[in-house]
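Read-outs: derived from the displayed coordinates by stated rules, not from any lab. Every value quoted in this text rests on a predicted model; they were computed, and no experiment measured them. We place every Cβ from the backbone using ideal geometry, glycine too, and count neighbours over all the protein chains shown.
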Amino acid sequence: MSLLILGLVLFLGVHSVRIVADGWRTRMLASWGEGRWKGLYSLLSFAGLGLIGWGYSLARQDPVVLWSPPVAMRHVASLLTLGAFVLLAAAYVPRNTFKARMHHPMVLSVKVWALAHLLSNGNLADVLLFGGFLLWAVLDFRAARLRDRAQGTAYPSGTLAGTAMTGVLGLVAWAAFAFWGHALLIGVSPMGR
């Protein structure tokens, strides 16, 4: 469990710099340059992600069960993750309504993904992993919205084509991951339980 916690602290810590120390981040970017900053950021992120994966896989071998979610939560989680994939696509597809209205769809995607997994999993490692990401996403979304207001950030309005493309890409990505990718990468088939 300690590797999982260390990975979460490292990964979420690096991703929280803008939440807790945006001024320091700006000064470091100016001092170091974008390439050096992104290089260190990426290195620490990958190390944290690797520790999360390793620690979570070890914790799954000897699970500490906190509760057993009802079977219905699996169906709720599937629907929520579909929404998470659509929001993730919205972060990349230009001129979609999701981004125009919500402004930070990737962070919202993490929120929805984490909540879905908290509802459908009841082990201690799950609570640490998904609860940690949910807490981070809530704080990050709040900080990003505050920055937008302070800077007067305006987002372009969405178009029907951009919104439709977002929905289609999100649905296709969700289906591919739900029916094949999750089992391949995580070792659990959410649709085959």
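Once the C-beta distance of Lys38 and Gln151 is scaled by a Förster radius of 22 Å, the resulting FRET efficiency is 0.55 to the nearest 0.05.
Listed peptides 165-174, 77-86, 63-72 appear in the order 77-86, 165-174, 63-72 once ranked by packing, highest mean of other Cβ atoms within 10 Å at the front. With a Förster radius of 30 Å applied to the C-beta separation of Ala176 and Arg18, the computed FRET efficiency comes to 0.45.
Taking Cα centroids, how far is segment 1-74 from segment 99-157 in Å? A separation of 14 Å, based on Cα centres. Here the simple spin-label model places points 7 Å from the Cα toward Cβ, and for Val168 and Arg60 these points are separated by 3.3 nm.
Inter-label distance, Leu79 to Arg101: 1.8 nm, where each label sits 7 Å from its Cα along the C-beta direction.
Its Cα centre serving as origin, the chain has a Cβ charge dipole (Lys and Arg +1, Asp and Glu -1) of approximately 500 debye. Peptides 93-104, 48-59 ordered by packing proxy, namely the average of other Cβ atoms within 10 Å per residue, highest first: 93-104, 48-59. Over all Cα atoms in the chain, the spread is summed up by Rg and Dmax: 18.0, 52 Å.
Amide H contacts for Thr159 (H built 1.01 Å from N in the peptide plane; partners 5 or more residues away or on another chain; cut-off under 5 Å): Asn96, Thr97. Look at the dipole of segment 51-193 built from charges on Cβ: of Leu119, Leu87, Ala164, the Cα furthest out on the positive end belongs to Ala164. Stretched out straight at 0.36 nm per residue, the stretch from Val71 to Leu124 would grow longer than its current Cα-Cα span by 17.2 nm. Taking all Cα pairs closer than 8 Å and separated by 6 or more residues, the relative contact order of segment 34-193 comes to 28 percent.
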